[in-house]
1. For the stretch 242-280: of the residues being crowded, with 21+ Cβ neighbours inside 10 Å and at pLDDT 95 or above, which is farthest from Ser175 (Cα to Cα)?
2. Which one of the conditions (1) part of a helix (DSSP H, G or I); (2) modelled with pLDDT under 80 does Leu220 fail to meet, given that it meets all the rest?
3. Can you tell me which of (1) surrounded by fewer than 18 Cβ atoms within 10 Å (Cβ to Cβ); (2) over 14 Å from Ile33 (Cβ atoms); (3) at pLDDT below 85 is the one Met177 doesn't meet?
4. Mind checking which residues of the stretch 19-38 are touching a residue at least 24 places away in the same chain (Cβ under 8 Å) and not hydrophobic (A, V, I, L, M, F, W, C)?
5. Taking the options Leu167, Leu161, Leu134, name whichever one is assigned by TED's automatic domain parsing to the domain that holds Ser238, in a helix (DSSP H, G or I), modelled with pLDDT under 90 and not hydroxyl-bearing (Ser, Thr, Tyr).
6. State all residues of the stretch 56-74 that are hydroxyl-bearing (Ser, Thr, Tyr) and loosely packed, with under 13 Cβ neighbours inside 10 Å; if no residue qualifies, say none.
7. Tell me yes or no: at least one residue of the stretch 14-21 is of a type in the set (Gly, Ala, Ser), touching a helix residue (DSSP H, G or I) at 6+ places or on another chain (Cβ under 8 Å) and part of a helix (DSSP H, G or I).
8. Hey, could you check the stretch 197-226 for residues that are over 16 Å from the mean Cα position of the chain (by Cα) and touching a residue at least 24 places away in the same chain (Cβ under 8 Å) and say which is farthest from Thr32 (Cα to Cα)?
Amino acid sequence: MSRSKNLRKLIANQIIDDLSQGNIESPLPSQTILADLYSVSRTTIRNIINEFIDKKLLIETNNGIVLSRKPDSNDKYKKVKKTRIKQPKELVEKYLNYAVNSKKIQPGDLFTERELASEIGISVKEVHEQLVILSRFKILKLQEHGLWEMTPIDVNYVNKLYDLRLLIENHSIKSFMQLPKNDIRWTQAKYLLEQHKNFDKKIINDYREFSNIDREFHKLILSASDNVFMDEYFETISMIFHLQYQWDDHDLRNRNQIAISEHISILCKMLSGNYLEAKDELELHLKTAKKSFENNLIEQ
């Protein structure tokens with residue numbers, strides 16, 4: 001079975017479980033929202049929805065795509081590998097995070113596409129395509145064919161990055177607070193709050209794992225915007241912040257402890273339905289991240 005086909009079947013089974021358990025309401029959310037929820041492309045979601053329509057599990061109506069009957073185990077694919085196939089973008093970003101964290105790559109260092117392809121286990125072409133995307137944000141620079149530099153960042157760059165991040169996240173949290181109360185993302189917010197509280201108890205030792213829960217937190221808020229352009233920009237912005245933090249990690253534990261506490265405050269305000277206080281807490285969180293970013297640059 002091809003990787004893409006196995007991924008589609010794996011996600012289809014997850015969606016069937018969520019439909020059966022009432023985690024996804026009818027009519028279904030947009031394809032963009034579903035793609036965010038399951039961390040796959042909209043093409044994959046579109047193909048799954050079409051399959052479900054063919055199976056008479058879903059119906060297209062004037063009010064959107066609705067559930068025609070409650071799914072059961074017979075609707076699920078059998079003999080599907082449980083391992084989800086990671087996409088090239090995810091693999092490249094994960095490796096860069098690892099390389100910076102382990103000091104294998106630092107600002108000013110040179111590396112080749114072939115080296116990354118060998119380390120990651122994907123083609124040179126796939127690596128090249130992802131590095132070109134990241135280079136648009138000026139964190140990488142192509143020196144010559146196949147040779148790249150991890151470029152240093154200055155305070156002016158941080159200010160511009162912060163302005164864009166503030167614009168995107170303020171819009172997103174306003175959209176989130178306007179979601180209907182039966183939207184699945186309110187349930188996800190409650191679950192994410194519990195995850196944060198559990199992580200807070202072990203952050204002393206596991207502080208380097210913060211970037212994972214941080215992405216989930218901001219990704220959930222961003223999903224309310226239902227804007228593919230914001231999604232693309234924000235994923236890269238988030239990666240840049242975490243890469244920069246790891247270049248100088250002498251107080252990474254303290255920074256992440258503060259950030260997890262701020263996340264919890266934001267989620268509590270959101271779940272209480274207080275938009276203005278949630279927005280204020282979010283802006284405080286972003287200012288804290290910006291200040292840490294600037295301090296790192298000054299100290300280097």
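1. His263
2. All conditions pass for Leu220, except number (2).
3. (3)
4. Passing the criteria: Ser20, Asn23, Glu25, Ser26, Pro27, Pro29, Ser30, Thr32, Asp36, Tyr38.
5. Leu161
6. Thr61, Ser73
7. no
8. Looking at residues that are over 16 Å from the mean Cα position of the chain (by Cα) and touching a residue at least 24 places away in the same chain (Cβ under 8 Å), I get Ile204.
The values are calculated or read from the model by the stated rules, or taken from the named source; none is laboratory data. Just so it is clear, the model here is predicted, and its values are computed rather than measured. Cβ atoms come from the backbone with ideal geometry, glycine included; neighbour counts cover every protein chain shown.
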